[in-house]
Amino acid sequence: MIKVAVADPQRLLRAGVCEVLRAAKTIDVVGDTGDGIRALELARRQRPDVMLVDVPMPGMDGIRLTEIVRHDLPGTKVIILAAAAAEEW
């Protein structure tokens with residue numbers, strides 16, 4: 001099983017991502033949160049194989065979270081989730 005943690009402040013988006021991941025037989029969602037500090041605590045506690053992380057989050061942004069996770073948990077891969085409105089492109 002691949003252990004995955006999800007960190008995104010948008011509750012509905014986070015719930016949807018978790019639901020899709022849970023449908024895969026090879027993925028175990030070990031937790032989710034909308035706060036960067038809680039995401040770091042989750043990562044240290046659960047030691048996921050992969051973290052899906054948004055950039056803007058309360059507590060700590062996803063860039064800083066990624067830096068700390070890469071340093072403290074080198075076995076955890078981080079995938080940055082980023083969405084932009086069409087006018088931002």
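Could you tell me the accessible area of ARG38 in Å² (1.4 Å probe, neighbours in place), rounded to the nearest ten?
Around 150 Å² of this residue is reachable by solvent.
How many percent of the accessible area of the chain is carbon or sulfur, using a 1.4 Å probe?
Working: 3120 of 5610 Å².
Accessible surface attributable to carbon and sulfur in the chain totals 56 percent.
List the residues, sorted by chain then number, that are 5 or more residues from ASP32 or on another chain and whose placed amide H is less than 5 Å from its amide H.
Excluding prolines and chain starts, which carry no amide H, the hits are VAL6.
Heavy atoms of the protein only, probe of 1.4 Å, neighbouring chains included. What is the accessible area of ILE79 in Å², nearest 10?
It works out to around 90 Å².
Compute the length gained on full extension between ARG45 and GLU67: take 0.36 nm times their separation in residues and subtract their Cα-Cα distance, giving the result in nm to one decimal. All intermediate terms of the calculation are to be shown ahead of the outcome.
Working: separation 22, 0.36 × 22 = 7.92 nm, distance 1.71 nm.
Length gained between ARG45 and GLU67: 6.2 nm.
List, in order, the whole-Hz ³J(HN,Hα) value for each residue of the range 5-17 obtained from phi through the Karplus relation with A = 6.51, B = -1.76, C = 1.60 and θ = phi - 60°; use x for Gly and Pro.
10, 10, 10, 8, x, 7, 4, 5, 4, 4, 5, x, 4
Between ILE2 and residues 5 or more places away or on another chain, which pairs have amide H atoms under 5 Å apart, with H built 1.01 Å from N, and which residues are they?
Excluding prolines and chain starts, which carry no amide H, the hits are ILE27, ASP28.
Roughly how much of ASP49 is accessible, in Å² to the nearest 10, using a 1.4 Å probe?
The accessible area comes out at roughly 60 Å².
In sequence order, what are the phi-derived ³J(HN,Hα) couplings for the range 62-79 according to the Karplus relation 6.51 cos²θ - 1.76 cosθ + 1.60 with θ = phi - 60°, rounded to whole Hz, with x for glycine and proline?
Coupling constants for the range 62-79: x, 5, 5, 4, 4, 4, 5, 4, 4, 6, 7, 10, x, x, 9, 8, 10, 10 Hz.
Quick one: which residues, 5 or more positions from LYS77 or on another chain, have an amide H under 5 Å from its amide H? H modelled 1.01 Å from N in the peptide plane, none for Pro or chain starts.
Residues meeting the amide H criterion: VAL50, MET51.
Would you kindly derive the ³J(HN,Hα) couplings of the range 41-50 from the backbone phi angles with the Karplus curve 6.51 cos²θ - 1.76 cosθ + 1.60 (θ = phi - 60°), listing them in order in whole Hz, with x for Gly and Pro?
Each residue of the range 41-50 in turn: 4, 4, 4, 5, 6, 9, 6, x, 6, 9 Hz.
For the chain, max minus min Cα coordinate along each principal axis, in Å, sorted largest first?
39, 30, 19
Considering only VAL20, VAL78, VAL53, give the residue with the highest GNM mean-square fluctuation for the chain, with springs between Cα atoms whenever their separation is below 10 Å.
Ranking VAL20, VAL78, VAL53 by mean-square fluctuation puts VAL20 first.
The values are calculated or read from the model by the stated rules, or taken from the named source; none is laboratory data. Predicted model only: the values in this text are computed from it and were never measured. Remember, those area values only see protein heavy atoms, side chains included, never the ligands or the DNA or RNA. Shrake-Rupley method; radii C 1.70, N 1.55, O 1.52, S 1.80 Å.
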